[in-house]
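Read-outs throughout are calculated quantities, based only on the coordinates presented, and are distinct from any laboratory measurement. Treat the numbers as computed from the prediction; the structure is a model and nothing was measured. Counting neighbours? That spans all protein chains shown, and the Cβs are built from the backbone with ideal geometry, glycine included.
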């Protein structure tokens with residue numbers, strides 16, 4: 001399985017289980033994000049702790065999640081982003097568009113504040 005989805009009412013945790021989020025995996029991720037990001041979902045936690053490399057197609061999947069959640073007035077929190085992945089967010093000048101946390105539990109605690 002390339003990813004897992006856990007839903008608890010208005011919160012969804014989407015965990016990627018691949019070391020690379022690239023053009024090969026991005027279409028599958030985008031399809032799943034479109035299914036997940038429904039109006040009833042108010043927070044999406046994207047767990048990237050297993051991802052070591054991400055390309056622009058992978059980044060576009062994460063941006064799609066943000067766009068969909070913004071339409072539903074929800075939040076996207078990125079969890080466990082490696083330094084390489086975080087640098088891609090910085091270089092692309094979209095880092096400020098996301099909240100970054102170290103763990104899923106930290107993200108959930110932040111969302112419940």
Inter-centroid distance (Cα atoms) of segment 79-101 relative to segment 1-47, Å: 17 Å
Any chance you could run the full-extension gain for residue 9 through residue 60? It's 0.36 nm times the residue separation minus the Cα-Cα distance, nm to one decimal. 15.8 nm
Compactness check, segment 45-92: C-alpha Rg relative to the 2.2 N^0.38 Å globular estimate gives 1.12
Backbone N under 19 Å from the residue 92 label point (7 Å along Cα→Cβ), restricted to segment 26-52: 26-37, 44-52
How would 99, 113 line up from fewest to most surrounding beta-carbon atoms within 10 angstrom? 113, 99
Can you list, bin by bin at 5 Å, the percent of alpha carbon pairs in the chain, starting at 0? 2, 13, 26, 27, 21, 9, 1, 0
Describe numerically, in nm with one decimal, the distance between label points set 7 Å from Cα along Cα→Cβ at residue 84 and at residue 100. 1.6 nm
